[in-house]
Amino acid sequence: MTTDSTPSPNFIRNIVAEDLKTNKNNGRVHTRFPPEPNGYLHIGHAKSICLNFGIAAENGGLCNLRFDDTNPSKEEVEYVESIMEDVRWLGFDWDDRLFYASDYFEKLYEYAEELIRKGKAYVCDLSPEEIRAYRGTLTEPGKDSPYRTRSVEENFDLFQRMRAGEFEDRSRVLRAKIDMSSPNLNMRDPVIFRILRAEHHRTGNKWCIYPTYDFTHCLSDSIEGITHSLCTLEFEDNRPLYDWVLDQLDVPCHPQQIEFARLNLSHTVLSKRKLLELVEQKHVTGWDDPRMPTLSGLRRRGYTPESIRNFCERIGVAKRESTVEIALLEHCLREDLNKRARRVMGVLRPLKVVIDNYPEDLVEEMEAINNPEDLAMGTRKVPFSRVLYIEQDDFHEDPPKKFFRLAPGREVRLRYAYYITCVNVVKDSKTGEVTELHCTYDPETRGGSSPDGRRVKATLHWVSASHSQEAEVRIYDHLFTKEHPTDDKEVSDFKIHLNPNSLEALTSCRVEPGLRDAPPGSRFQFERLGYFCVDSVDSTDAGLIFNRTVSLKDSWAKIQKAQKKKGQP
RNA sequence: UGGGGUGUCGUCAAGUGGUAAGACACGGGCCUUUGGAGCCCGCAUUCGGAGGUUCGAAUCCUCCCACCCCAGCCA
C-alpha cells in the first residue's frame with residue numbers, strides 16, 4: 001500500500017551518502033530525535049522524526065530517542081509520555097535506545113571539571129544583568145569578566161561548591177572561556193552550568209546546578225556515538241560552539257551537526273509557545289483538539305500515520321525557510337484514506353423524503369460495496385424503507401444552473417437503491433422552509449440501474465429514517481483564516497486571525513445502523529461528503545460523535561464559487 | 001553598521017558547467033451507481049538583479065538587492 005518510489009534526494013541524504021562512500025564513520029549512521037519535554041509534538045516535529053529515523057533506517061543505521069531535559073523549570077512527565085506515544089504512533093521504534101540528557105548529568109559535571117582543569121572554563125560571579133552588559137552587542141565586542149582569570153584551583157573549588165548548594169540561584173555560573181570579542185555571540189564565554197533549584201522530573205532534587213543546551217547537546221551526541229546531528233536552522237550559529245566543546249574535551253566521537261529548515265504550515269501555527277497559548281487561553285479544548293496541528297490533535301482528527309509520513313517525504317528537506325500549503329497535507333490524507341476507508345452513508349442535515357408508492361411496511365436490504373477501491377473489503381446490507389432522509393443540500397426547489405441533484409419533477413438515483421422522482425414539496429407555512437419531500441420510486445431500478453437504460457445525472461446518499469442512528473458530527477475548518485497568521489505587520493497578536501468557524505457541531509445527523517457500534521477512532525468515508533472518524537474522547541454508547549477528518553473534493557462547491565465570481569465581477 | 005544563513009513556477013522542491021525533474025494548487029478534457037476516485041492534456045525560453053568567465057552557466061567569478069536567525073543563567 002505504500003509507494004516505494006526511491007526517495008527523492010535532499011542535501012542531508014547526499015551528505016550521508018557521501019560519508020558512507022568515504023567510510024567516514026566506519027560505515028555507521030546514527031541519528032537521534034532530541035525533543036525537549038516542554039510541550040506536545042506537532043507536525044513540524046514529525047518532519048524531524050521522519051528525517052532522523054528515516055535517514056538511519058535507509059542506511060542500516062540507528063536512531064535514538066533522547067529527551068533534552070536540562071531545564072527542570074519547563075519540563076514535565078506528561079510531555080515525555082505524550083512524546084513517546086506520538087513517536088510510536090507515527091510508526092517509529094527506538095528499541096532500547098531511550099535516553100535522557102539528565103542521564104548524563106554526572107558525566108557532564110565531570111566534563112565541566114575537565115574543562116576547568118584545562119583552563120577552558122571559569123566560575124563567574126557576575127549577575128545575569130552584568131553578564132548581558134559585558135557581552136557587548138551585535139556590532140560591539142564584549143569585555144572580559146573580572147572573574148575570567150580565576151585560578152584553576154579556585155574555579156574547581158567554586159564549581160564543587162556550586163554543586164553542593166552553597167550559593168544562591170543565579171548567583172554564579174560556570175562559563176566556557178572562549179572569546180569575548182567573537183563576532184559570534186555564542187562564543188562570548190557562554191554559560192554552561194547554572195544554579196537552579198527546581199525539582200527535575202527524573203533526578204528530583206539531586207542537582208541544584210544544571211548544564212545548558214550548548215554544553216549538553218554536543219556531549220550527549222558524542223556519548224551516544226551519534227554520527228549526524230540534525231537540527232533546525234536557528235542552531236547554525238551554535239555549531240562553532242558545538243564543535244569547540246567537543247574539540248576541548250576527550251570525547252568518544254565528534255558528530256557532525258547539520259541544520260535544515262523547520263516546517264511551517266499554512267493556516268496554522270507551529271510553535272510550542274503559541275500552541276500552549278491556545279491551550280491555556282482555551283481557544284481550543286486541549287493539545288489534542290482535532291483542530292490542533294499537534295500529532296495528538298491530528299490523530300484524534302482521524303489522520304493516519306502513513307499520510308503524515310508520506311507528507312513529510314513529499315515536502316522535502318532543504319535550508320530554505322518555507323511554508324507548505326496545508327492542501328498538500330490534506331491531499332496526502334485523502335490519498336491514503338481513499339484506499340482504506342470503509343464507505344458508509346450518513347446524512348448531516350436531514351431532509352425527510354417519503355416514497356409515496358413504496359409499501360408502508362416493507363423494508364429491503366440493499367447491498368452496498370464497502371470500498372470500490374478495494375473490493376476485498378466486501379459488501380454490506382443497508383435497510384431501505386418508505387421514509388428516508390437525504391441531505392438538505394441535495395434538493396433545490398429552484399435548481400441553479402449545473403445543479404444535477406433532486407428538484408421538483410426531477411429523477412435521481414439513491415445510491416445502491418432506486419431511482420426516485422420528486423412529486424411534491426412540503427413547506428413550513430410560516431417560514432417557507434422545505435420540511436418534507438414526496439417522491440415516487442421506480443421498482444424496476446432496484447440496485448440503481450434501469451432496464452431501459454435511462455440515465456440520471458445524480459446519485460444521492462440516503463438513510464432509512466426509522467433504521468438510522470442519530471449522531472453528532474463535528475465539522476472542522478482551518479484553525480486560522482489567514483494563510484500566514486503570524487505574518488501580519490499591522491497586528492502583533494496572531495490570535496485575531498483565529499477562524500471563528502473552525503468548529504461546527506451538527507447534532508441531528510443520521511448514519512447507517514451499522515455504525516452504531518463503531519469503535520472510537522475508527523475511520524469511514526461518508527459517501528459524497530468526506531472522511532470521518534469516531535471521536536476517541538467524547539463519543540459514547542449513548543451519543544455517537546464523529547469528527548470530519550477531511551472533506552472529499554467538492555467540484556460542485558467549486559462550480560458555485562466560480563458562478564458567484566462570474567455573477568459579480 | 002558585526003556574524004551566520006537563504007533566494008529555481010501560486011506553494012514545496014530536484015538540479016553540483018551541457019541546454020529547467022516531480023508533487024500540490026490551478027485550468028481544460030475523458031470516465032464514472034460517490035459532482036469521490038481514476039485517466040489525459042496544459043502550466044518557469046527561465047532560475048533575486050546586474051556584469052563577467054566559457055563553445056555552453058540555475059550551476060564558476062564579481063558587485064548589488066531582498067528576506068531569515070543571533071545580544072536567555074531557553075532549547
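Looking only at segment A:157-175, count how many residues are away from RNA strand B (no atom under 11 Å from the Cβ) and touching a Phe, Trp or Tyr at 6+ places or on another chain (Cβ under 9 Å). First the steps, then the outcome.
Of the residues in segment A:157-175, the ones away from RNA strand B (no atom under 11 Å from the Cβ) are A:157-161, A:163-166.
This time we only want the ones that are touching a Phe, Trp or Tyr at 6+ places or on another chain (Cβ under 9 Å), so: A:158-159, A:161, A:163.
Adding up the residues that qualify gives 4.
When you go through (1) outside any loop (DSSP other than H, G, I, E, B); (2) away from RNA strand B (no atom under 11 Å from the Cβ); (3) farther than 20 Å from A:E168 by Cα one by one for A:E154, which number turns out not to apply?
Unmet for A:E154, out of (1) outside any loop (DSSP other than H, G, I, E, B); (2) away from RNA strand B (no atom under 11 Å from the Cβ); (3) farther than 20 Å from A:E168 by Cα: (3).
Which of the numbered conditions does A:T431 fail, given that it passes all the others? Conditions: (1) loosely packed, with under 12 Cβ neighbours inside 10 Å; (2) away from RNA strand B (no atom under 14 Å from the Cβ); (3) under 31 Å from the mean Cα position of the chain (by Cα); (4) of a type outside the set (A, V, I, L, M).
(3)
Please specify each residue of segment A:532-565 satisfying the condition of being open to solvent by less than 80 Å² (accessible area, probe 1.4 Å), out of contact with any helix residue (DSSP H, G or I) (no Cβ under 9 Å at 6 or more places or on another chain) and part of a loop (DSSP other than H, G, I, E, B).
Of everything in segment A:532-565, those that are open to solvent by less than 80 Å² (accessible area, probe 1.4 Å), out of contact with any helix residue (DSSP H, G or I) (no Cβ under 9 Å at 6 or more places or on another chain) and part of a loop (DSSP other than H, G, I, E, B) turn out to be A:D538, A:S539, A:T540, A:G543.
Could you say whether any residue in segment A:485-493 is farther than 21 Å from A:S266 by Cα, without any contact (Cβ under 8 Å) to a residue 12 or more places away in the chain and aliphatic (A, V, I, L, M)? Steps first, please.
Of the residues in segment A:485-493, the ones farther than 21 Å from A:S266 by Cα are none.
No, segment A:485-493 contains no residue that is farther than 21 Å from A:S266 by Cα, without any contact (Cβ under 8 Å) to a residue 12 or more places away in the chain and aliphatic (A, V, I, L, M).
Taking segment A:402-425 as the search range and keeping residues that are of a type in the set (D, E, K, R) and within 8 Å of RNA strand B (Cβ to nearest atom), which one is most open to solvent (accessible area, probe 1.4 Å)?
Initially, segment A:402-425 is screened for residues of a type in the set (D, E, K, R), giving A:402, A:405, A:410-411, A:413, A:415.
In the following step, the residues that additionally are within 8 Å of RNA strand B (Cβ to nearest atom) were identified as A:402, A:405, A:413, A:415.
Numbers: A:K402: 127, A:R405: 46, A:R413: 56, A:R415: 68 Å².
Filtering segment A:402-425 for residues that are of a type in the set (D, E, K, R) and within 8 Å of RNA strand B (Cβ to nearest atom), the one most open to solvent (accessible area, probe 1.4 Å) comes out as A:K402.
Scan segment A:318-333 for residues that are more than 6 Å from RNA strand B (Cβ to nearest atom) and either touching a residue at least 60 places away in the same chain (Cβ under 8 Å) or of a type in the set (S, T, N, Q) (or both) and jot them down. It would help to see each step written out before you state the result.
Kept after step one, since they are more than 6 Å from RNA strand B (Cβ to nearest atom), are these residues of segment A:318-333: A:326, A:329-330, A:332-333.
A:I326, A:L329, A:E330, A:L333, listed by residue number.
Can you name every one of the strands (runs of 3 or more DSSP E) wholly within segment A:4-111 that holds 1 or more residues which are open to solvent by less than 80 Å² (accessible area, probe 1.4 Å) and basic (K, R)? Steps first, please.
Values: elements: A:30-33, A:62-67, A:98-100.
Per the criteria, A:30-33, A:62-67.
Name, by its number, the condition in (1) outside the structural domain of A:L437 (by TED's automatic domain parsing); (2) closer than 24 Å to A:V534 by Cα; (3) part of a strand (DSSP E or B) that does not hold for A:L351.
(1)
Among the residues of segment A:206-228, is any surrounded by fewer than 17 Cβ atoms within 10 Å (Cβ to Cβ), over 25 Å from the mean Cα position of the chain (by Cα) and basic (K, R)?
yes
Considering A:Q257, A:Q281, which residue is crowded, with 17+ Cβ neighbours inside 10 Å and either more than 16 Å from RNA strand B (Cβ to nearest atom) or outside the structural domain of A:N499 (by TED's automatic domain parsing) (or both)? Please lay out each step first, then the result.
Details: A:Q281 fails: crowded, with 17+ Cβ neighbours inside 10 Å.
From the options A:Q257, A:Q281, the qualifying one is A:Q257.
In the set A:A471, A:A458, which member is hydrophobic (A, V, I, L, M, F, W, C) and surrounded by fewer than 19 Cβ atoms within 10 Å (Cβ to Cβ)?
Values: A:A471 fails: surrounded by fewer than 19 Cβ atoms within 10 Å (Cβ to Cβ).
Only one candidate passes the filter, namely A:A458.
What are the pairs, 6+ residues apart or on separate chains, where a residue within segment A:168-190 that is more than 10 Å from A:R135 (Cβ to Cβ) has its Cβ under 6 Å from a residue that is among the polar types (S, T, N, Q) and surrounded by 14 or more Cβ atoms within 10 Å (Cβ to Cβ)?
A:N186/A:N238
Hey, A:S449 hits all of (1) away from RNA strand B (no atom under 16 Å from the Cβ); (2) open to solvent by 50 Å² or more (accessible area, probe 1.4 Å); (3) polar (S, T, N, Q) but one; which does it fall short on?
All conditions pass for A:S449, except number (1).
When the residues of segment A:390-401 are filtered to those that are within 27 Å of A:I369 (Cα to Cα) and open to solvent by 50 Å² or more (accessible area, probe 1.4 Å), which remaining residue is farthest from RNA strand B (Cβ to nearest atom)? So that I can check it myself, show each step before the final result.
First, the residues of segment A:390-401 that are within 27 Å of A:I369 (Cα to Cα): A:390-395.
From what's left, open to solvent by 50 Å² or more (accessible area, probe 1.4 Å): A:392-393.
Details: A:Q392: 13, A:D393: 9 Å.
Ranking the qualifying residues of segment A:390-401, first place goes to A:Q392.
I need every pair where a residue in segment A:216-235 that is within 21 Å of A:N71 (Cβ to Cβ) has its Cβ under 7 Å from the Cβ of a residue that is in a loop (DSSP other than H, G, I, E, B) and acidic (D, E), sequence separation at least 6 or different chains.
Hits for this filter: A:H217/A:D68.
The values are calculated or read from the model by the stated rules, or taken from the named source; none is laboratory data. Predicted model only: the values in this text are computed from it and were never measured. No Cβ is skipped: glycine too gets one built from the backbone with ideal geometry, and neighbour counts run over all protein chains shown. We work out accessible area using only protein heavy atoms, side chains counted, and drop any ligands, DNA or RNA first. Shrake-Rupley method; radii C 1.70, N 1.55, O 1.52, S 1.80 Å.
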